[in-house]
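Step one of this worksheet: look at the structure below.
The values are calculated or read from the model by the stated rules, or taken from the named source; none is laboratory data. The structure displayed is predicted, hence computed values, not measured ones. For neighbour counting, all protein chains shown are included, and Cβ atoms are generated from backbone atoms with ideal geometry for every residue, glycine included. What goes into the accessible areas is simple: the full protein's heavy atoms, side chains included, and nothing from ligands, DNA or RNA. Shrake-Rupley method; radii C 1.70, N 1.55, O 1.52, S 1.80 Å.
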Amino acid sequence: MPTRPLRRGWTTGACATAAAKAAYAALLTGAFPDPVEIILPRGQRPSFALATTRLAGGAATAGIVKDAGDDPDVTHGALVLATVRLGAPGSGVTFRAGTGVGTVTRPGLPLPPGEPAINPVPRRMMREAIAELARRHGASGDVEIEVAIPDGEQLATRTLNGRLGIVGGLSILGTTGIVVPYSCSSWVHAIQRGIDVARAIGLSHVAGATGSTSEAAVQKLYDLPEPALIDMGDFVGGMLKYTRAHPLARVTIAGGVAKMTKLAQGLLDLHSKRGAVDLAALAALADAAGGSAALHGRIVAANTVAEAFALAQADGIALGDAVACAAREVAAQVVEGKGIAVDVAVFDRDGVLVGRAH
């Protein structure tokens, strides 16, 4: 049977915009529109059902439960609240971080330190929604919007916000308003913001790691501060391409034996779906490092890359260094001509350094 298409969802920015529009409508008319329709940056007009409403004391609050579709989004099911209050004449639309929404504390992000972590596109969407209602009802559009996510501070511990210097909760994100399942856009966004923050605070050396073991190991190897650590996952190509456009003096790529072998074989997306390790090519690297024909055969027949590394180690062949050198050549080509020094560190599953090229 054919599988159904993956269902798309809505960003926190879209949910916050819909909640803010409903709340402002209630301030102006005394009634909450339910569902409430908004216009996304590309012109789509989705409607959102309200999960909670409150109108009292000169403020209106509306809440929407975020539906991320089939994407494994940490904020799926979170309640996004917007409270709208009338502002001083001429103040325009201002923003506040409520419970569970973070505050920017480091430079390098799209917003300056001290600002609520409500990104530029969601801010624009909310301003446009407020302006639409203000025109319709002959109002000034001077309002304060406070966005809150009640469980946001706890949810934020499962994101990279802390490393980026966003404290107290989540970010309100989204450039299109739509979550595309498994697009990994939020991960790539975090990689890019991590590089931006590192540059802004004056760091010259960052390290992108494929996982927590290699990240801890490379931090210890180079004594790096936390903002220098980039959780690149499988997206080594994405990290390098962004670094090419936003250069630093030095970039280290750190990972386990299998993923660094994939990089050595020319793969810039290290996910298993993008390609498998070529054990024959790995055996050829062992040959070049002085391995015997017998070792070549054992590596080709190995069940895993880890087994191949163990076979090479038993024969005294520095396969890790060979892989690191080949991986470095691949990575260096991406940033060629930008004056960026690239090095590669290969670690085993216990975080022990087994190969290095610098």
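Conditions tested, residue by residue: (1) part of a helix (DSSP H, G or I); (2) among the charged types (D, E, K, R); (3) touching an Asp or Glu at 6+ places or on another chain (Cβ under 6 Å); (4) surrounded by fewer than 20 Cβ atoms within 10 Å (Cβ to Cβ).
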site	(1), (2), (3), (4)
MET239	yes, no, no, no
THR243	yes, no, no, no
LEU248	no, no, no, yes
THR252	no, no, yes, no
MET260	yes, no, no, no
LEU263	yes, no, no, no
GLY266	no, no, no, yes
ALA276	no, no, no, yes
ALA281	yes, no, no, yes
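Just one residue in the set ALA324, ALA332 is touching a Gly at 6+ places or on another chain (Cβ under 7 Å), assigned to a helix (DSSP H, G or I) and either open to solvent by 70 Å² or more (accessible area, probe 1.4 Å) or at pLDDT 95 or above (or both); that residue is ALA324.
Residues in the stretch 97-116 that are closer than 12 Å to GLY165 by Cβ and not hydroxyl-bearing (Ser, Thr, Tyr): GLY102, VAL104, ARG106, PRO107, GLY108, LEU109, LEU111, PRO112, PRO113, GLY114, GLU115. Looking across the stretch 194-212, the residues that are in contact with a strand residue (DSSP E or B) (Cβ under 9 Å, 6 or more places away or on another chain) and open to solvent by less than 60 Å² (accessible area, probe 1.4 Å) come down to GLY194, ILE195, ALA198, HIS205, VAL206, ALA207, GLY208, ALA209, THR210, GLY211.
Annotation: ARG7 fulfils all but one of (1) free of Cβ contacts under 8 Å to residues at least 40 places away in the same chain; (2) more than 13 Å from MET125 (Cα to Cα); the unmet one is (1). When only residues in the stretch 148-187 that are open to solvent by 50 Å² or more (accessible area, probe 1.4 Å) and either in contact with a helix residue (DSSP H, G or I) (Cβ under 6 Å, 6 or more places away or on another chain) or in a strand (DSSP E or B) (or both) count, which is nearest to GLU226 (Cα to Cα)? Checking each candidate, the answer is VAL167.
Please tell me if PRO41 is modelled with pLDDT under 95, in a loop (DSSP other than H, G, I, E, B) and surrounded by 15 or more Cβ atoms within 10 Å (Cβ to Cβ). Answer is yes for this residue.
Among residues of the stretch 222-236 being assigned to a loop (DSSP other than H, G, I, E, B) and open to solvent by less than 40 Å² (accessible area, probe 1.4 Å), the one that is farthest from GLY194 (Cα to Cα) is ASP234.
Let's see how each residue does on (1) polar (S, T, N, Q); (2) in contact with a Lys or Arg (Cβ under 9 Å, 6 or more places away or on another chain); (3) open to solvent by less than 10 Å² (accessible area, probe 1.4 Å):
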residue: GLY90; (1), (2), (3): no, no, no
residue: VAL93; (1), (2), (3): no, yes, no
residue: PRO113; (1), (2), (3): no, yes, no
residue: PRO122; (1), (2), (3): no, no, yes
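Against the numbered list (1) open to solvent by less than 20 Å² (accessible area, probe 1.4 Å); (2) more than 17 Å from VAL342 (Cβ to Cβ); (3) touching a helix residue (DSSP H, G or I) at 6+ places or on another chain (Cβ under 7 Å); (4) at pLDDT 90 or above, ALA288 comes up short only at (1).
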